Amino acid sequence: MSAHVVPFRGRPGGRRGWFRNGATFAIVTLVLVVACTVEARADLKICNRMSYIVDAAIGIDDKGATATRGWFRINPAQCRSVAPGAIAADRFLLNARALSVYGASPVPQNGTDMLCVGASDFIIAAARDCHGGQTQAAFTEVKPSPDENGNAVAYLNEDSEYDDDQARLAGIQRLLTIAGYEATPIDGVDGPKTQAALAKFLGDHNLSRDAAQEPAFFAALLSAAQSPSSIGLTWCNDTPHRVMAAVGLDDGKTLTSRGWYRIEPGKCLHPDVFGQPKRVFSYAEAIDADGHPVQVSGKPLNWGGTTTLCTRDSKFEFADQSDCLARGLTATGFAAVSMGPGKTLRLVVP
């Protein structure tokens with residue numbers, strides 16, 4: 001049978017609290033095949049059937065001691081061994097987070113075990129007592145099932161319930177769109193629009209047609225999504241601080257605000273702007289290591305304008321921009337962006 005871990009929208013502490021406490025973006029719906037035992041007969045594997053590249057960490061809880069290990073980068077339709085060899089434990093736990101290039105999606109993970117993780121590759125033997133450089137993250141208990149080779153496997157799935165082929169194609173569609181190529185809808189279904197976007201990407205980057213079938217293709221897509229583009233909107237963070245950004249899209253009928261997108265120092269990011277909106281707006285602010293606004297000469301370091309749109313501290317998407325304050329939201333000043341064929345906003349310290 002299957003067990004669904006239902007996500008929640010938002011998290012106490014809001015946008016700044018996520019990054020201060022180390023809780024991260026993760027899966028839309030975590031689908032785990034449950035077995036009668038939690039003993040890994042061979043390798044413990046995580047298989048990604050989502051349209052997002054994720055970084056995963058595992059926790060092993062046995063006889064009152066809990067250890068964690070990560071991060072494991074897992075592409076759509078890829079399986080990764082996260083614990084080789086036979087392992088017996090009271091519980092296995094999992095934290096999965098989508099890469100920051102995806103911006104506001106997916107929603108935060110709703111695990112109940114707060115365990116220690118590192119910023120980069122890590123193994124932590126006593127994961128319930130964090131020390132220097134370690135932060136807490138929410139882990140969810142999983143009960144993997146054995147596959148035909150005796151490995152213990154847990155699957156990451158979206159509500160769409162893609163199979164492997166669909167997950168890989170949807171993952172390609174999503175990154176093509178973020179990189180500025182028109183590959184919507186993101187549905188894991190092949191068609192002329194997806195093929196045209198893919199062919200243009202391959203041509204623009206001097207890649208052969210066969211390159212799309214190679215394991216390294218997601219790395220090429222990811223690199224393109226994190227580089228300045230002549231197509232669509234690009235934010236480039238030229239500050240030494242982490243930046244949180246939001247976008248406003250006016251399609252002529254509805255003005256939608258969406259955030260937050262995390263842009264690391266020295267990196268670029270394309271918000272997922274679908275279709276051809278009539279007007280585009282942007283807001284960004286710098287935060288420090290504790291998630292607090294960065295101050296320069298006594299003023300918050302942000303980049304906005306005079307168009308008021310609704311935001312909140314946690315992940316959001318609002319199609320109604322009226323009475324922000326009365327609705328318990330924040331009225332934030334966005335700047336209008338003159339797009340043309342493409343626009344790069346370089347975020348710098350004045």
Quick one: give the max-minus-min coordinate of the C-alpha atoms of the stretch 114-270 along each principal axis, largest first, in Å. 50, 47, 36
Say each of D323 and D251 gets a label point 7 Å from the Cα, pointing the same way as Cα to Cβ; how far apart are those two points in nm? 2.5
In whole µm²/s, the translational diffusion coefficient that Stokes-Einstein assigns to the stretch 170-225, given a Kirkwood hydrodynamic radius over C-alpha pairs, 4 °C and 1.567 mPa s, equals 118
Name the aspartates and glutamates eligible as straight-distance cross-link partners of K299: C-alpha to C-alpha under 17 Å, and not fewer than 8 places from it in the same chain. E285, D288
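Please go through the stretch 200-280 and write out the trypsin sites (Lys or Arg not before Pro) that DSSP classes as loop and that have at most 16 other C-beta atoms within 10 Å.
Values: sites: K200, R209, R242, K253, R258, R262, K267, K278, R279; in loops: K253, K267, K278.
In loop regions of the stretch 200-280 (DSSP not H, G, I, E or B), the sparsely surrounded trypsin sites (Lys or Arg not before Pro) are K253, K278.
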Charge tally for neighbours of S227 with beta carbon under 15 Å away, counting Lys, Arg as +1 and Asp, Glu as -1, is 0
Gained length - D90 relative to N206, 0.36 nm times residue gap less alpha-carbon distance: 36.7 nm
Using 0.36 nm per residue of separation minus the Cα-Cα distance, give me the extension gain between Q276 and R346 in nm, one decimal. 23.0 nm
How big is D, in µm² s⁻¹, for the stretch 232-347 by Stokes-Einstein at 20 °C and 1.002 mPa s if Rh is the Kirkwood radius over C-alpha pairs? 148
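If Lys and Arg each add +1 and Asp and Glu each add -1, what is the summed charge of the other residues whose beta carbon sits under 14 Å from the beta carbon of G64?
On the way: positive: K63, R91, R128; negative: D61, D62, D90, D113, D129.
Summing Lys and Arg as +1 and Asp and Glu as -1 gives -2.
Starting from 0.36 nm per residue, how many nanometres of slack lie between D190 and Q295 once their C-alpha separation is accounted for? Mind showing how you got there, number by number?
Numbers: separation 105, 0.36 × 105 = 37.80 nm, distance 4.76 nm.
Full-extension gain reported as 33.0 nm.
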Shape category assigned to the stretch 71-173 from the gyration tensor of Cα positions, a/c cut at 1.5: oblate
Please compute the net charge surrounding N237, taking Lys and Arg as +1 and Asp and Glu as -1 over other residues with Cβ under 10 Å from its Cβ. +2
Virtual spin-label span in nm between E161 and R73, 7 Å along Cα→Cβ: 3.2
Taking the simple approach of a point 7 Å from Cα along Cα-to-Cβ for both T330 and A125, what is their distance in nm? 4.2
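Every number here is computed from the coordinates shown, using simple stated rules; none is lab data. Model, not experiment: these values are computed from the prediction. Heads up, the Cβs are rebuilt from the backbone with ideal geometry, glycines too, and the neighbour counts pull from every protein chain shown.
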